[in-house]
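Asker: Let me give you the structure first, and then I'll get to my questions.
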Amino acid sequence: QVLLVESGGDLVEPGGSLKLSCTAFGIIGPLNAMAWYRQVSENQRELIAAIALGGNTNYTDFAKGRFTVSRDGAENKVHLQMSGLKPDDTGRYYCRGWINRFDTGTWGQGTQVTVSS
């Protein structure tokens, strides 16, 4: 069973930067795709960015120009470099990974990002 563990969440001042990381355990071989989401309401998470095994990326509009997703395919790690952080970016950030295109995806437990002065 795949286990995803996020790290890097912290308190940061507006305009600051932060790098989140997520490592997948319990899988032999690379995950087909990995992505970052954040909680926007009690029952909803919004996609921030996704990256495929081949390196193709997809960003939601609010993340373009400020956030960069990258991955270490051999180690099943995905990172999210965030800059120009705003108070509205405050929230719990989650990693998600897919074994293949038929997989519904596995979630990590999340890491808290707080942007405040």
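Asker: I need a count of the residues in the range 60-117 that are part of a loop (DSSP other than H, G, I, E, B), closer than 21 Å to residue 1 by Cα, open to solvent by less than 20 Å² (accessible area, probe 1.4 Å) and modelled with pLDDT of 95 or more.
Answerer: Counting residues in the range 60-117 that are part of a loop (DSSP other than H, G, I, E, B), closer than 21 Å to residue 1 by Cα, open to solvent by less than 20 Å² (accessible area, probe 1.4 Å) and modelled with pLDDT of 95 or more gives 2.
Asker: Output the residues belonging to the range 11-58 that are under 13 Å from residue 80 (Cβ atoms) and in a loop (DSSP other than H, G, I, E, B).
Answerer: 17
Asker: Out of all the residues in the range 15-48, which are more than 17 Å from residue 99 (Cα to Cα) and among the aliphatic types (A, V, I, L, M)?
Answerer: Across the range 15-48, the qualifying residues are 18, 20, 40, 47, 48.
Asker: Yes or no: the range 39-55 includes at least one residue that is closer than 19 Å to residue 17 by Cβ, over 12 Å from the mean Cα position of the chain (by Cα) and not aliphatic (A, V, I, L, M).
Answerer: no
Asker: What's the number of the condition residue 16 fails, among (1) open to solvent by 60 Å² or more (accessible area, probe 1.4 Å); (2) farther than 15 Å from residue 72 by Cα?
Answerer: Failing condition for residue 16: (1).
The values are calculated or read from the model by the stated rules, or taken from the named source; none is laboratory data. Everything numeric here is computed off the predicted structure, so don't read it as measured data. Please note: Cβ atoms are built from the backbone with ideal geometry, for glycine as well, and neighbour counts cover all protein chains shown. Side chains are part of the model used for accessible areas, which takes the heavy atoms of the whole protein and leaves out ligands, DNA and RNA. Shrake-Rupley method; radii C 1.70, N 1.55, O 1.52, S 1.80 Å.
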